[in-house]
Every structure is written in structure tokens, then in C-alpha cells.
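A.B. asks: One structure, pasted below without further comment.
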Amino acid sequence: MVASTGTTAREGWSSRSAFVLAAIGSAVGLGNLVRFPAEAGANGGGAFVLFYIFCVVLIGLPVLLSEVLIGRHGQAAAPLSFRRIAEESGGSGAWSIVASLGVFSAFLVLSFYCVLGGWVLYYIGLFGADVFLSGPASGAFAGSSFEEVDALFGAMVSDGLSTSLLDIVFLAITFLFVARGVSGGIEKVAVYLMPAFFFLLLAITIYGMFGGAMARTVDYLFTFEPEKLTGEVMLAAVGQAFFSLSLGVAGMVTYGAYVGRDVNLASTSGVIAGADTAVALIAGLCIFPIVFAAGLEPSGGLGLMFQTLPHAFSDLPFGTLIGLAFFVMVAFAALTSSVSLMEAPTSWAMDRLGLARPVAAMLVTGAAAVLGVLSALSTGALAGFHPLGFIPLFEGLGILDLLDSFTGKLTMPIGALLTSVFVGWVVSRRLLDEESGLGGGVHRFWLFLVRWFCPLMLALILVSGIFPETTARLFATLGAG
Ligand code: PFF
């Protein structure tokens with residue numbers, strides 16, 4: 001119903017570059033700085049990286065363009081945008097459920113993402129105190145053994161009070177920007193923090209170059225060994241690509257609703273995807289030289305950032321200052337992502353419940369704080385609580401890991417898959433021709449990708465996430481045959 005246009009439709013970015021920076025801010029986050037290097041390390045280095053780039057171009061970019069296009073044409077919170085476009089194209093208004101699912105996923109991701117944001121704040125505190133106590137020129141935590149530096153992480157995650165409070169602090173900072181609106185808050189955080197982020201990333205990468213381990217890093221990240229490109233590696237790359245581009249959670253649909261008609265969506269989506277990928281690659285070139293120069297081997301998962309890197313900083317001149325700068329940079333990137341995660345449910349609450357923006361944002365913040373505190377406690381006091389442990393897919397997972405798995409393996413791929421089916425098969429050709437900003441053959445190629453290639457690949461990661469063993473066996477058989 002067009003009458004409930006909602007307050008969001010009247011808001012907008014102040015310029016194309018504000019939108020580009022905000023969307024890059026959404027895309028660049030913990031996914032680039034923590035998840036990408038860890039996944040690249042765990043999945044065969046160069047083979048993963050190359051296939052990742054392939055996925056960004058052939059799956060991520062077409063779906064990103066689809067999401068922004070839906071938002072811009074619908075001019076409302078994501079579910080209403082889906083409904084309007086479906087009805088205009090002669091389809092069922094029930095397609096709005098896809099966006100509602102996305103909004104819900106964004107809320108779930110927000111709830112655990114801010115816990116991780118809180119952990120980053122904790123490490124800023126640790127490094128900040130160290131700079132203060134030992135002076136900026138020393139290595140980090142001078143006088144502490146490796147075991148003691150390692151133990152900082154365990155001490156943090158089991159300290160539920162600190163991690164809960166820091167989760168709430170991170171959410172509150174996110175709230176402050178979302179509550180001020182699109183041009184007054186959301187784009188401000190991007191316009192100030194993204195340039196600061198890029199500056200820190202380049203500065204730390206250049207610093208790492210002098211450590212002498214660049215050649216080994218380049219070798220590690222870019223040597224392509226075809227035999228390492230297994231089914232598992234490919235699936236990890238697809239999953240990483242759409243998490244990194246913030247797809248499948250209605251976030252880019254929501255941001256697209258504030259884009260003016262004069263913006264070329266195709267080239268803009270290209271800039272966003274290109275910048276996100278460049279940051280992921282530079283993050284690898286930033287982190288691994290520091291790790292290798294200290295004679296360490298990269299560990300997988302969160303250990304890379306919260307244990308291996310602090311070890312590495314302890315060996316380096318100015319390690320404590322560089323460590324502080326590094327975690328400040330990660331916090332900036334995480335904040336511009338959490339803002340977009342909060343905006344999707346906030347704009348939904350404004351449209352759907354008719355709430356004023358600050359009230360809507362407060363409601364989302366409060367609900368995310370409840371789930372966030374439970375997540376924060378799930379690595380300590382609530383460690384034994386596995387809410388969906390009776391489902392094999394979620395066996396043994398505490399709340400934090402459950403939220404991560406549930407969204408990463410289920411709701412996000414489903415959201416991205418249905419979005420691409422929607423654009424490929426439901427939305428009218430006329431509308432797509434008018435909105436895409438692509439010409440001739442490239443436009444037809446994009447249509448082919450969203451109709452066939454993206455749904456197929458996304459269905460594959462969905463199935464492999466739900467039935468990992470069966471898929472692994474299938475790939476092994478195909479490989480052998
Ligand atoms: N793309 C972000 C990252 O790489 O950290 C994560 C994310 C942000 C996912 C916003 C989804 C989203 F809507």
C-alpha cells in the first residue's frame with residue numbers, strides 16, 4: 001500500500017559519494033579484516049583468493065546491483081520496496097517476505113556483530129593502557145610471555161560483565177548515528193571514518209612492508225595451485241563473498257532506497273564491490289607480513305586477530321602503538337557496518353510501525369542488547385547453553401556461534417538466493433532495463449547471471465551448509481571421477 005510510504009522515503013544521501021562511502025562502509029568490516037585473512041589461510045591461500053575474486057564479480061556484484069536497484073525503485077524500507085516492485089511487475093506482494101527475512105537476519109547479525117565490536121574495544125583498552133604504561137616505542141606487552149598474551153583472549157571472553165558492557169557501548173555508539181538519520185548521522189560516520197580507516201590501513205601495511213616478510217605474504221596469498229581448489233574451498237569463497245558485500249540481509253536494499261534517480265547503479269555497485277575486495281586483499285597484505293616477520297604461523301578464526309597478531313606486535317618496534325592503531329582501525333570498520341545492520345530493522349520499524357526514527361532505533365538497540373548480552377555471556381557463564389543443540393546443524397553451539405551459523409549458513413544465503421530469483425524471474429524486464437544502468441550485452445549478461453548462475457551457486461552453498469558431509473562426499477566423488 002503506497003499510503004504507508006513511511007518516513008524513510010523522504011530521507012536521502014546528500015550526494016552520490018556519500019552513498020558510495022556509506023555502502024563501502026557497510027561492506028568493509030570484520031568480514032574483510034578478520035574473516036577474509038583467516039579463510040584465505042585456512043583454504044589454501046592463492047586458490048581461495050582467486051576464486052573469491054571470481055565470486056565477487058559473477059555472484060556478488062550482480063546481486064549487489066539487484067539489491068540496490070530494488071531499494072532505489074521501491075523508495076521505502078526493504079519489505080515495502082519488494083512488495084511495490086512485485087505488484088508493479090504483476091507478481092505477488094508476498095515477495096515482501098524475502099525482505100522481512102532479510103531485515104530479521106540483519107537484526108540477528110547486528111546482535112552478535114556488536115559483541116565482536118565490544119571485543120575490539122576491549123583490545124583498544126589493552127593496547128591503549130600499554131602505550132600509556134610502556135611508552136609508544138616498545139613492543140606490545142613487553143615483559144609478558146607468549147602464554148600471557150595468549151591468555152588475554154581467554155580472560156576477556158570469560159569476563160561476561162566486561163564483554164556485555166562493551167557490547168552495549170558499541171550498540172549505543174551505533175544507535176547515536178542511526179538515530180540522527182541518513183544524511184545527519186549514517187553518512188557522517190562513513191564520511192569521517194572511512195577515510196581515517198583507509199589511512200590507517202595503508203599506514204600499517206607500509207609499516208609491515210619494512211619487516212621483510214612481504215615476499216612470503218605475496219607468495220602465500222597469490223600463488224595459485226589449481227589442485228588446492230576443492231569444492232570446499234569454492235564454497236567458502238562464495239560464502240565469504242556475499243558476507244563481505246553485506247548481501248542477503250536487506251541492508252543494501254535499505255541503503256538503495258536513499259539513492260537519487262541520477263545515480264548510475266551499475267557503475268556505483270562496481271565501485272563498492274571493487275573497494276570491498278581491494279580492502280580484503282590489502283588486509284591480507286597488512287596482517288600476514290606482521291605475523292610472518294615475528295616468526296609465527298597464521299592461526300584460523302578469531303585467534304588470528306586476537307592472539308596471533310598481539311603476539312606479533314609484541315616483537316616489533318612501536319608494536320604497542322601499531323597494535324593500538326590496528327584495533328582502532330578495526331573498530332572504525334566494524335562501526336560503519338553495524339550502522340547499516342541497525343538501519344535495516346530501524347527503517348522497517350519506521351515504515352511498518354509508524355515510529356519516529358529515534359524511537360525505532362531505540363527499539364532495535366534494546367532488542368539487540370538483550371540478544372547481545374546473551375551472546376556475550378555464551379563464551380563464559382552460559383557456555384554450556386546450546387539453545388538449538390538438538391538440531392544436528394547447530395549441535396554444540398552457544399548463542400554467539402549459533403547466531404553466526406544460523407545467519408551465515410541459512411538466512412543470508414536464502415535471502416540472497418531469493419533476491420536473485422526475484423530480480424531474475426519476477427521483476428518486469430522494462431523496469432530492469434530502465435534501472436540497471438547497464439547497456440546491451442552487459443545488461444543481458446547480468447540478467448543471465450541473476451536468473452541462472454547466482455541462484456544455482458547460492459543454492460549450492462545453502463545445501464552444502466546444511467549437509468556438509470554429503471556435499472563433501474559428492475565433491476570427492478566428482479573429483480575422483
Ligand atoms: N560486510 C560486513 C563485513 O564484511 O564485516 C558484514 C555485514 C555488514 C553483513 C552489514 C551484512 C550487513 F548488512
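A.B. asks: Using the heavy atoms of the protein chains alone and a 1.4 angstrom probe, what is the accessible area of the chain per residue in square angstrom?
C.D. replies: 38
A.B. asks: Continuing with this model, one more query. Quote the FRET efficiency, to the nearest 0.05, computed for Ala129 versus Leu176 with a Förster distance R0 of 25 Å and r equal to the Cβ-Cβ distance.
C.D. replies: Once the sixth-power term is evaluated, E becomes 0.50.
A.B. asks: Hey, another quick one. Once you place label points 7 Å from the Cα toward the Cβ at Glu434 and Glu297, how far apart are they in nm?
C.D. replies: Modelled inter-label distance: 5.9 nm.
A.B. asks: Still on this structure: Sort segment 161-203 into rounded, prolate or oblate with this rule: let a ≥ b ≥ c be the square roots of the eigenvalues of the Cα gyration tensor; rounded if a/c is under 1.5, and if a/c is not under 1.5, prolate when a/b is larger than b/c, oblate otherwise.
C.D. replies: It is oblate, given that a/c is not under 1.5 and a/b is not larger than b/c.
A.B. asks: If you project the alpha carbons of segment 287-375 onto their three principal axes, what span does each projection cover, largest first, in Å?
C.D. replies: 57, 23, 17
A.B. asks: What is the log10 of I(q)/I(0) for segment 339-382, computed with the Debye formula using one identical point scatterer on each Cα and no solvent, at q = 0.21 Å⁻¹?
C.D. replies: Summing over Cα pairs of segment 339-382 leads to -0.65.
A.B. asks: Also, quick follow-up: Relative to the compact globular guide of 2.2 N^0.38 Å, what is the alpha carbon radius of gyration of segment 198-277, as a ratio?
C.D. replies: 1.51
A.B. asks: With a ≥ b ≥ c the root eigenvalues of the C-alpha gyration tensor of segment 333-481, is it rounded (a/c under 1.5), prolate (a/b larger than b/c) or oblate?
C.D. replies: oblate
A.B. asks: Loop only by DSSP, 13 or fewer other Cβ within 10 Å of the Cβ. Give me the chymotrypsin sites (Phe, Trp or Tyr not before Pro) in segment 138-212 that pass, ordered by residue number.
C.D. replies: For chymotrypsin sites (Phe, Trp or Tyr not before Pro) across segment 138-212 that sit outside H, G, I, E and B with at most 13 neighbouring Cβ atoms in 10 Å, the list reads Phe210.
A.B. asks: Separate question: Over 10 Å intervals from 0, what percent of Cα-Cα pairs in segment 36-91 sits in each interval?
C.D. replies: 22, 30, 21, 20, 8
A.B. asks: Could you work out how much longer the chain between Ala383 and Ala278 gets when fully extended? Use 0.36 nm per residue separation minus the Cα distance between them, nm to one decimal.
C.D. replies: Working it through step by step, the gained length comes to 34.1 nm.
A.B. asks: Let me check I have the definition right: for segment 117-243, take the eigenvalues of the Cα gyration tensor, multiply each by 5, take square roots. What are those semi-axes in whole Å, largest first?
C.D. replies: The answer is 29, 26, 19 Å, longest axis first.
A.B. asks: Next question, about the same structure. How long are the semi-axes of the ellipsoid equivalent to segment 1-154, from square roots of 5 times the Cα gyration tensor eigenvalues, in whole Å, largest first?
C.D. replies: 42, 21, 15
A.B. asks: Note the full-extension length gain between Ser144 and Phe453 as 0.36 nm times their separation in residues minus their Cα-Cα distance, in nm to one decimal.
C.D. replies: 106.0 nm
A.B. asks: OK, next. Hey, could you get me the Stokes-Einstein D for segment 403-481, Kirkwood radius over alpha-carbon pairs, 10 °C and 1.306 mPa s, rounded to whole µm² s⁻¹?
C.D. replies: 111
A.B. asks: Given Cα positions, please report Rg to Rh for segment 153-224, the hydrodynamic radius being the Kirkwood one.
C.D. replies: 1.17
A.B. asks: Still on this structure, I have one more. With label points built 7 Å along Cα→Cβ from the Cα atoms of Ala151 and Phe222, find their separation and express it in nm.
C.D. replies: 4.2
A.B. asks: Could you sort Arg83, Arg72 by accessible area so the largest value comes first, with the probe set to 1.4 Å?
C.D. replies: My answer, sorted largest first, is Arg83, Arg72.
A.B. asks: Give, to the nearest whole percent, the P(r) tail of the chain beyond 38 angstrom, counting all Cα pairs.
C.D. replies: 22
A.B. asks: For segment 180-332, build the convex hull from the C-alpha positions and give me its volume per residue in Å³.
C.D. replies: Taking only Cα atoms, segment 180-332 has a hull volume of 148 Å³ per residue.
A.B. asks: At 0.36 nm per residue, minus the direct Cα-Cα distance, what do Ile391 and Val57 gain on full extension? Give it in nm, one decimal, please.
C.D. replies: 116.8 nm
A.B. asks: Kirkwood-based Rg over Rh for segment 80-158 (C-alpha set), two decimals?
C.D. replies: Reported Rg/Rh (Cα atoms, Kirkwood Rh): 1.41.
A.B. asks: Further question: Among the trypsin sites (Lys or Arg not before Pro) within segment 209-274, which fall in a DSSP loop and have no more than 11 other Cβ atoms within 10 Å of their own Cβ?
C.D. replies: Taking segment 209-274 and a limit of 11 other Cβ atoms within 10 Å, the loop trypsin sites (Lys or Arg not before Pro) found are Arg261.
A.B. asks: Shifting gears a bit: When every alpha-carbon pair in segment 241-307 is counted, what percent end up more than 16 Å apart?
C.D. replies: The proportion of pairs with Cα distances above 16 Å equals 62 percent.
A.B. asks: Kindly sort Asp150, Asp351, Asp315 by accessible area of their heavy atoms, largest first, with the probe set to 1.4 Å.
C.D. replies: Solvent-accessible surface, decreasing: Asp315, Asp150, Asp351.
A.B. asks: Against the empirical 2.2 N^0.38 Å scaling, what ratio does the C-alpha Rg of segment 393-446 come to?
C.D. replies: Taking the Cα Rg and dividing by 2.2 N^0.38 Å, one obtains 1.73.
A.B. asks: Just to confirm my numbers, what's the Cα centroid distance between segment 61-116 and segment 310-326 in Å?
C.D. replies: Cα centroid to Cα centroid, the span is 41 Å.
A.B. asks: Give me the percent of accessible area attributable to carbon and sulfur for segment 308-357, probe 1.4 angstrom.
C.D. replies: Of the solvent-accessible surface of segment 308-357, carbon and sulfur hold 70 percent.
A.B. asks: Quick one: Cα convex hull volume of segment 294-338, Å³ per residue?
C.D. replies: 61
The values are calculated or read from the model by the stated rules, or taken from the named source; none is laboratory data. As the structure is a prediction and not an experimental result, all values here were calculated from the model. Here the Cβ is made from the backbone with ideal geometry for all residues, glycine too, and neighbour counts use every protein chain on show. We work out accessible area using only protein heavy atoms, side chains counted, and drop any ligands, DNA or RNA first. Shrake-Rupley method; radii C 1.70, N 1.55, O 1.52, S 1.80 Å.
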